[in-house]
Amino acid sequence: MNWIDINTELFHFIRPQWLWLFVPLVILLMLLWLGGKDKQKWKQSIAPHLLPYMLAKRKRLALIAPLIAFTLTTSLMIIAVAGPTWKKVEVPGAKSEAILLIALDLSPSMLTEDVSPNRLERAKYKIQDLFDANPGSKIGLIAFSGTAHPVVTPCNDYELINYQLKALIPQIMPLQGTNYKHCLALADTILSRTEAPSTLLLVSDNIEKEQADLLIQFADDTKNNIEIMAMASIQGGKIPGLRKGTFFKENGETVISRLNQTELFRLQKHPKINVNPLTLGNDDVEAMVKKKKKKKSGIPWLE
């Protein structure tokens, strides 16, 4: 095995419980060391002219070498029994069935330009970065606003998903709004088809208390995790209206859409929910993919 081929990120012990044997080994070495100190005390108690007859002369190396050899041999045996490995068995049909399901918000607020060029286009760039990072699992895509609809069923054809992604705009949705209840119900239907714990990647700009409650309930009631990509700035921006040059209004007031920091902090505290703040580069996406690849997928380890 060439050391260059070893993937340190996959390094793993198959039977890590055997590493506890290092505890008695350390205790034994300490006892041997203390025994050597007792011998030095005997030298101080015996008359100098009797020492040659009472204690055999040995070189220091002759005393230390067996101890070093014993320590190295025992340590290697313990590590070998623990089963170190950095590869997985490629067994047909044994690959992870975990799914990464992307839920893209297509509400009108996603056209807000506080994020350049707008929130929706930036979201598409982020999803493309996700494909480029090659998460190594099947990916599905759903779109939601007032209703939720499947766009691409989970598959490994990232180019097909990206092609469909580019065509998604709020105008194609039959009902405006941000209906998380419909979105999560559809996501649960798709993710329930696999037994492996999967991930819902929610790409949205609107998470208020009601939506946060639904996300927490989804995480509590299912085996799946939630990754949130918050597509908005703290300052927010005006939501474009239906006519060019106008903005969305309620009760005559122009609506400003911005992140609800309080609800995002509340979601981040949940053990199965992770909030990814929007970044200019692709660091957030790469970190997400790296974390996903580190999770155990049920594939047996190669000894």
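Listing for the model above:
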| read-out | value |
| --- | --- |
| Spatial separation of Cα centroids for the stretch 112-127 and the stretch 161-206, in angstrom | 17 Å |
| Sites Lys124 and Glu208 - FRET efficiency at Förster radius 22 Å, r taken between beta-carbons, to 0.05 | 0.40 |
| Thr246 versus Ile64: modelled label distance in nm, points set 7 Å from Cα along the beta carbon direction | 8.8 nm |
| The stretch 99-302 - charge dipole about Cα centre, Lys and Arg +1 at Cβ, Asp and Glu -1, debye rounded to 20 | 320 debye |
| Protection proxy ranking of 272-280, 156-164, 204-212 - average other beta-carbon atoms within 10 Å, highest first | 204-212, 272-280, 156-164 |
| Neighbour-count order for Arg193, Arg266, Arg119, fewest beta carbons within 10 angstrom listed first | Arg193, Arg266, Arg119 |
| Sequence-distant residues sharing a close amide H with Leu106 (under 5 Å, placed H) | Phe144, Ser145 |
| Cross-link table Lys238/Lys269; Lys223/Lys249; Lys166/Lys249; Lys238/Lys290; Lys138/Lys238; Lys126/Lys238, entries beyond 32 Å C-alpha to C-alpha | Lys223/Lys249; Lys238/Lys290; Lys138/Lys238 |
| Phi-based couplings in Hz for the stretch 109-123 (Karplus 6.51, -1.76, 1.60; Gly and Pro marked x) | 5, 6, 8, 4, 9, 5, 10, 7, x, 7, 4, 5, 5, 5, 4 |
| Beta bridges per DSSP with both ends in the stretch 99-302, % antiparallel, nearest 5 | 30 percent |
| Gained length - Thr74 relative to Ile27, 0.36 nm times residue gap less alpha-carbon distance | 15.6 nm |
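Every number in this text was worked out from the coordinates using simple rules, so none of it is lab data. None of these values were measured; they are calculated from a predicted model. In this analysis, Cβ positions are derived from the backbone assuming ideal geometry, glycine residues included, and neighbour counts consider all displayed protein chains.
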